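**Student:** Have a look at this one.
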Amino acid sequence: MTKDKFTILIVEDDFFCRKRINKVLLKEGYKTLLAGSAAKAVSLLEAQSCSFIILNVNAALEVINGSSFGQYIRKKLQIPFIYIATAETVETVKFAINDQVSGYLTQPFTDTDLLADIIVKPFKKKKLRASIQALTLATENRQQEQGCCISVADGNFETVLPVEEIDYIQAKGESLRIYSRGILYSQESNLNEISKVLPKEHFLRTHEAFIINKEKVGLVKTDSLIVNNIEIPVSEKYLDNVRNAVIDSQ
């Protein structure tokens with residue numbers, strides 16, 4: 001990249017991090033624009049242009065015109081950009097894949113990291129994507145070793161949910177509704193498939209359309225269970241199993 005007339009937009013909600021990145025880039029001869037939020041960045045871009053964006057992952061998730069700012073940059077502005085994240089997690093990695101970023105940098109990073117690995121070197125998206133996918137797999141494997149987790153959809157994004165946080169699961173059409181602490185997640189699967197990854201000592205089928213977390217059962221009724229203030233039906237087919245697993249232990 002040549003530095004002549006090359007303007008970089010820094011979108012970072014942390015003042016000191018934003019100031020530090022700006023100082024490094026100015027010292028190297030780049031022109032910069034600074035924004036503390038996605039909304040501020042959009043306002044700047046309406047009046048000025050830039051050739052590249054350094055984007056904090058938190059700002060990337062802000063909603064602009066009905067989509068995340070990362071998606072807005074990729075689809076509408078079509079400006080190459082990289083993510084800066086405070087931690088390397090499955091969620092941020094998957095956001096990076098979904099937004100097709102040109103690079104990905106995790107704090108803490110050195111000035112050399114910023115310049116040599118992110119700005120100076122040509123971007124190799126295929127290589128980046130492969131390394132991000134490898135990181136995703138490794139992170140998921142680590143989490144599964146520490147405790148069983150499943151991948152679920154949270155709105156437009158994917159996240160990893162520890163199974164112990166699940167209250168109950170309801171089959172709905174060709175997908176699953178997964179309820180956890182009052183939050184609704186989804187997964188394209190069925191109860192038979194998800195049963196294979198759920199620990200049998202904690203989860204129990206109560207109905208053709210329901211699996212419950214036995215640890216979350218409150219009140220027990222004749223033909224239903226109360227899980228987190230929600231009444232879950234118990235069908236005759238599963239009544240004996242439910243009675244042995246839950247009712248007799250109350």
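Bear in mind these aren't lab numbers, they're just calculated from the coordinates by the rules spelled out. Keep in mind the model is a prediction, meaning the values are calculated, not measured. Glycine gets a Cβ as well: all are built from the backbone with ideal geometry, and neighbour counts include every protein chain shown.
**Student:** Tell me the relative contact order for segment 174-250 as a rounded percent, counting alpha carbon contacts under 8 Å between residues six or more apart.
**Tutor:** 19
**Student:** What does the C-alpha gyration tensor say about the overall shape of segment 10-53? Classify as rounded when a/c is under 1.5, otherwise prolate if a/b is larger than b/c, or oblate.
**Tutor:** Oblate shape, in that a/c is at least 1.5 and b/c is the bigger or equal ratio.
**Student:** Per 10 Å bin from zero, what fraction in whole % of the C-alpha pairs of segment 175-244 is there, up to the bin with the longest pair?
**Tutor:** Bin by bin from 0 Å, the calculated values are 19, 56, 24, 0.
**Student:** Another question, if that's okay. Going through the cross-link list 172/216; 172/214; 75/196; 172/196, which pairs have a Cα-Cα distance over 28 Å in this structure?
**Tutor:** Violating the 28 Å Cα-Cα cut-off are 75/196.
**Student:** Under a crude label model (7 Å from the Cα following the beta-carbon direction), how far is residue 86 from residue 27 in nanometres?
**Tutor:** About 2.5 nm separates the two model spin labels.
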